[in-house]
Amino acid sequence: MSIEGTKLNFITWIINLQDEAVLRKLMALKEEAEAELKSLEPAIKEALIHRAEESNRDIEAGRVFPIEEVMKEDWE
């Protein structure tokens, strides 16, 4: 089943769910996951900035490959 199908099945299940205790647990899990992701945002942003700065230094130092050379690689 595709991720879209899985999500639709889950949504349908939640819509029909009558157990408030289960709903509260699901909401707590959702809030916990959102808080965890939010706490990671600064680290992710910092890592991306570091990677971009490193890439810029590589470009300035000539540590690059022509696109034609990269496209010749067998990536499978």
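Read-outs: derived from the displayed coordinates by stated rules, not from any lab. Quick caveat, the model's predicted, so the values are computed rather than measured. Cβ atoms come from the backbone with ideal geometry, glycine included; neighbour counts cover every protein chain shown.
Only residues that are in contact with a helix residue (DSSP H, G or I) (Cβ under 9 Å, 6 or more places away or on another chain), of a type in the set (A, V, I, L, M) and farther than 30 Å from I14 by Cβ were counted in the range 24-76, giving 1.
Within the range 18-54, the set of residues being within 30 Å of V64 (Cα to Cα) and among the acidic types (D, E) comprises E41, E46, E53, E54. The criterion of being at positive phi and more than 17 Å from the chain's Cα centre (by Cα) does not hold for G5.
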